[in-house]
Structure formats: C-alpha cells, structure tokens
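Here the structure is laid out as structure tokens; the discussion comes afterwards.
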Amino acid sequence: MARVTRFAPSPSGPLHLGHAYAALVAAERGERFLLRIEDIDRARCKPEWEAAIYDDLRWLGLRWETPVMRQSERPTVYEAALAHLSQSGLTYHCTCTRGDIRAALSAPQEGAQIGPDGPVYPGTCRGKRHGAGALRLDMGAAMARLGDVFFTDTGTRPGLHRFDAGRMVREVGDIVLARKDIGVAYHLAVVVDDAAQGITEVTRGEDLFEATAIHVVLQRLLGLPTPAYHHHRLIRDAQGKRLAKRDDARALAKYRAEGATPGDIRRLVGL
Ligand code: GLU
Ligand code: ZN
C-alpha cells in the first residue's frame, strides 16, 4: 500500500521555516502527498494566506494531489461525527467560561494539571446532556469503553506508546470536540479528515505528540483506522524558542524577497 502523507497548515499567517520543514518532511516521506487547509476558524483565516501557502510550497518545489481538502467546506461531515459520539453517550455540553474553569481549578482539591489544550478541565458540566456552549468528550467514559490506546511513532520518540485510562483522564481530561463559536474543534476535524484523505502516516511536529493520544481515542470511538505517526523535531530560533506564526522574521516570503533559494531553506532547516 502506498504511503500517504499530508501537510495541514492553517491559513492564519505566513508560512515560516518550521512550516517549510514540516512540509518537506511530509512530502519526502509520502509516496502520495496531500494538502489540507485547516481553516475551520474563519475569524483567523484569510484567503490571502491560503494563496500564499500554495505559492510558498510551489516555490519550495513541492507538488501535491488535487483537489486540496479545505476544512471550511466540511461542516456536515464534522456534524455527523459529533452526532455519532453524542449518540454513544460520551459527550456533554459545557457552558463554562475560561474564568469559570480557572476558578474551579483554584479550589484547593483541584490543582491545575496542564494538558495538550491547556489546563485539564475540572468536569464541572459533566453529565449536561443538553444546552448551548461547547461539546466535550467524557474521557473517563470513553476510556472505560476502549481500554488502553496505542500508537507508534517513528520520529523523535520512536516506538509503541501506550496511554491508559488513568493517564488520559488525569493528563488530558474532557477535551472540547466542538467549539461554541465554530461548531467543531481541531482534534475532531483532524481525525475525521486524516481518515477521509486516506492518510497512512501523519507527519507533524513533536509539539503535537500528546494530542496524538486524543486522536487515537477519537479514531477508536468513530471506527476509523489509526495511521502511523512520525513526530518530527521543531525548528527553533537562535534563543531555542520554537517558531510561531507571529515570527514574521522567519517567514518564507521574507527569505524569498532577500534572494534565498529553496536549497538555502533546506539547509537552514537542516535537511
Ligand atoms: N493545522 C495544524 C497546525 O498547523 C496541523 C496539525 C497537524 O498536522 O495535525 O499545527
Ligand atoms: Zn463547563
């Protein structure tokens, strides 16, 4: 079976050296290479940034299969997946504000454990079957159904990784499946879309290593295959900080304007 990889940027700013590295790794590891535009958050994404992504990737020498998947075009697919999880009795409605969560976590018995999405949600709304607000996964109930979950990494932490119920409940907790404002959240969309695109190996930065355990939980609950994972190192600035969208100084467009070649970019990211 052909190895299918993808690069999945959000068009919410310029691509920088870290994106170039991620895209080059994905393209090099894939026998088929796909692109996905992660534009569910319409407030942060702009058509100009999407156009700039294609332009930068082409300049780097990358080619991908078409049509390109765009998350903004798939709300009904996400709604179906959310409905499936809700019908399984594994979700609840959460109307907490950030402030509510902070207050609950400052109670003496709680203590804020930091998970992949920030402070682990204290479960205040657990059991709320109806209502507005965000939709959360009841992680305890999900793990009771699934047992331990596993994935294999061939990147910076090679081997088989196992996550048990206790760890998922303690360190990850009841993650948001659908944001109140945009009707879906990253974790759900990425899992549904990787399956829809037939991705066999997910390549992405090691900052998403913990999120991968969440993705395997969702794959198992939705009856989707778990791909192989290749978490790669992050490109850091001179101070050792990982590059962020706002690091315009590292934007590919800036290097291009200064006369850099695609070969220079490959050298800069250590390829
Ligand atoms: N849109 C995500 C990002 O840019 C992609 C994460 C992933 O590869 O799953 O970080
Ligand atoms: Zn809540």
Open item on the list: Out of the residues in region 30-59 meeting the condition of being within 21 Å of residue 230 (Cβ to Cβ) and surrounded by fewer than 18 Cβ atoms within 10 Å (Cβ to Cβ), tell me which one is nearest to ligand 2 (Cβ to nearest atom).
Closed with: 32
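Test of understanding: among 234, 208, which residue is of a type outside the set (S, T, N, Q), outside any loop (DSSP other than H, G, I, E, B) and under 21 Å from residue 26 (Cα atoms)?
Answer to the selection: 208.
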Open item on the list: For region 14-60, which positions are of a type in the set (Lys, Arg) and not in a helix (DSSP H, G or I)?
Closed with: 32, 36, 42, 44, 46
Open item on the list: I'm checking my understanding of the structure. Among residues of region 90-130 that are among the hydrophobic types (A, V, I, L, M, F, W, C) and not in a helix (DSSP H, G or I), which one is farthest from ligand 2 (Cβ to nearest atom)?
Closed with: 114
Task: Selection count, region 43-77, where residues are of a type in the set (S, T, N, Q) and over 19 Å from the mean Cα position of the chain (by Cα) - done: 2
Open item on the list: Take the conditions away from ligand 2 (no atom under 16 Å from the Cβ), of a type outside the set (A, V, I, L, M) and at pLDDT below 95 and apply them to residue 87. Does it pass?
Closed with: no
Open item on the list: When you check residue 124 against the structure, is it within 21 Å of residue 104 (Cβ to Cβ), among the polar types (S, T, N, Q) and either surrounded by fewer than 21 Cβ atoms within 10 Å (Cβ to Cβ) or free of Cβ contacts under 8 Å to residues at least 40 places away in the same chain (or both), yes or no?
Closed with: yes
TODO: Please enumerate the residues belonging to region 131-152 that are crowded, with 20+ Cβ neighbours inside 10 Å and assigned to a helix (DSSP H, G or I).
DONE: 139, 142, 143
TODO: Inspect region 212-221 for any residue being more than 16 Å from ligand 1 (Cβ to nearest atom) and closer than 23 Å to residue 4 by Cβ and give the result as yes or no.
DONE: yes
TODO: Evaluate the following for residue 227: is it farther than 25 Å from residue 77 by Cβ, modelled with pLDDT of 95 or more and touching a helix residue (DSSP H, G or I) at 6+ places or on another chain (Cβ under 7 Å)?
DONE: no
- [ ] Quick one: in region 192-205, of everything that is assigned to a helix (DSSP H, G or I) and within 11 Å of ligand 1 (Cβ to nearest atom), which residue is surrounded by the fewest Cβ atoms within 10 Å (Cβ to Cβ)?
- [x] 193
Open item on the list: Going by what's in this entry, would residue 134 be described as among the aliphatic types (A, V, I, L, M) and at pLDDT 95 or above?
Closed with: yes
Open item on the list: Show the residue pairs meeting these rules: Cβ distance below 7 Å; 6+ apart or different chains; first residue within region 4-16 and more than 9 Å from ligand 1 (Cβ to nearest atom); second residue of a type in the set (Ser, Thr, Tyr).
Closed with: 4/200; 5/203
Task: Search result, residues across region 63-80 that are under 19 Å from residue 181 (Cβ atoms) and either surrounded by 15 or more Cβ atoms within 10 Å (Cβ to Cβ) or touching a residue at least 24 places away in the same chain (Cβ under 8 Å) (or both) - done: 70, 71, 72, 74, 75, 77, 78, 79
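The values are calculated or read from the model by the stated rules, or taken from the named source; none is laboratory data. Being a predicted model, the structure only gives us computed values, none of them experimental. Backbone-built Cβ (ideal geometry, glycine too); neighbour counts: all protein chains shown.
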